Amino acid sequence: MQRPPANTFNLEYLHEITNSLDEISKQKLKGVILTSAIPNIFSAGLDIKEFYKPDLQRLENFWSSVQDVFIKLLDLDFATAAAINGHAPAAGCVLSLSCEYRAMVNGNYKIGLNEAALGIITTPWIQAMMYQVIPMKHTETALTTAKLFDVDEALQIGLIDEIASNKEDAINRCKQYIRKFDKIPLHARALTKQRMRQTPIKILREQRDEDIRMFVDVVMNPSVQDNLKDYVEKLKNKKKK
Ligand SMILES: CCCCCCCCCCC/C=C/C(=O)SCCNC(=O)CCNC(=O)[C@H](O)C(C)(C)COP(=O)(O)OP(=O)(O)OC[C@H]1O[C@@H](n2cnc3c(N)ncnc32)[C@H](O)[C@@H]1OP(=O)(O)O
């Protein structure tokens, strides 16, 4: 990913990712590794500008595009791994959860689902993606407290699989993970993966319209917009301090 300054997802970037996913799914690949070309930031999540004082039509398109990306990612036949070379809050964390394996570079980085701190909530399919990786009890506490884990905590709780010394090491560990499937028939691997992931995929496929409606309702709520205003200000003012 290379969308400076923070690899955030806006509508156009989501379309680009969808096109790339369509392109790679036509190829006979062994696996895909997601990583960032931006030092210290894997992805800062959704672009807050998309849902602060949004245009309604664009907001609906935006959430529908978020759904498209995750349906495609969860459904890829081949192995997916994330070399997390920096911060991965919110949708940055969700992106890594959509992969089967996560190696995170050691450093002063945070990963987790902090949506509640912005006054928004995680959708049921995002919650399912989290509790398929870490235990339900930890998921509940993490989501309700908007917990961002440091690298050691993330390993301890199972949110990441390994700690890497740098980006190259993270990518190598991802490659090693992908090589594990060299002798496994592709269709058996793919079907097993899709069945294991059927909870978030099913929710996403069967409740798309309802999910969009709920997202729009939550985001357009005046108190949520107030929270987002404060959050955007806080991000802007960080540099001035
Ligand atoms: C029942 C169903 C109902 C459904 C209802 C709602 C469902 C919603 C579910 C949503 C799921 C996902 C949500 C999200 O992803 S929201 C985004 C959350 N992201 C964050 O909170 C991260 C914010 N960013 C940071 O904390 C830091 O930037 C970070 C730690 C990542 C990096 O810090 P660093 O100091 O290295 O860099 P800066 O803070 O200076 O950032 C660099 C520039 O990037 C801009 N930035 C950062 N993050 C964002 C963002 N998310 N959106 C837009 N812009 C962002 C930041 O302002 C800096 O910009 P400038 O250089 O111009 O100042």
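In segment 11-238, what % of DSSP beta bridges are antiparallel (nearest 5)?
Working: 3 of 18 bridges.
Approximately 15 percent, going by the DSSP bridge assignments.
Dividing the convex hull volume of the alpha-carbon atoms in segment 25-78 by its residue count gives 104 Å³ per residue. Whole Å is fine, so just give me how far the alpha carbon centre of segment 197-232 lies from that of segment 136-177. The two parts, judged by their Cα centres, are 25 Å apart. Dipole magnitude for segment 1-155: computed about the Cα centre from +1 point charges on Lys and Arg Cβ and -1 point charges on Asp and Glu Cβ, it is near 180 debye. For the chain, the spread of Cα positions along the three principal axes, ordered from largest to smallest, is 54, 41, 35 Å.
Using helices alone, I'd like the mean residue ellipticity at 222 nm for the chain: each DSSP H run of four-plus residues gives -39500 (n - 2.57), total over residue count, nearest 500.
On the way: 11 runs with 129 residues, N = 241.
Taking each H run of at least 4 residues, the total per residue is -16500 deg cm²/dmol.
Count neighbours as other Cβ atoms within 10 Å of each site's Cβ, and list the trypsin sites (Lys or Arg not before Pro) in segment 28-122 that are DSSP loop with at most 12 such neighbours. In loop regions of segment 28-122 (DSSP not H, G, I, E or B), the sparsely surrounded trypsin sites (Lys or Arg not before Pro) are Lys28, Lys30.
How far is helix 167-179 tilted, in degrees, relative to the longest principal axis of the Cα atoms in the chain, given as a value from 0 to 90 rounded to the nearest 10? Relative to the chain, helix 167-179 is tipped by roughly 50 degrees.
The three principal axes of the C-alpha atoms in segment 1-103 carry coordinate ranges of 42, 29, 18 Å, sorted with the longest axis first.
Given Cβ point charges of +1 (Lys, Arg) and -1 (Asp, Glu) and nothing else, what value in debye, to the nearest 20, does the dipole of segment 1-82 about its Cα centre take? Don't skip to the answer; put the middle values down first.
Numbers: 8 positive and 11 negative charges, 48 e Å.
It works out to roughly 240 debye.
Considering only Gln27, Asn108, Gly119, whose Cα is most displaced toward the positive end of the charge dipole of segment 1-135, charges sitting on Cβ of Lys, Arg (+1) and Asp, Glu (-1)? Of the candidates, Asn108 comes out farthest on the positive side. Within segment 132-197, the trypsin sites (Lys or Arg not before Pro) that combine a DSSP coil assignment with at most 14 other C-beta atoms in a 10 angstrom radius are Lys180, Lys183.
Laboratory data are not the source of any read-out in this text; all were calculated from the coordinates shown. Owing to the predicted nature of the structure, the values given are computational and were not obtained by experimental measurement. Every residue, glycine among them, receives a Cβ derived from its backbone with ideal geometry; neighbour counts consider all protein chains shown.
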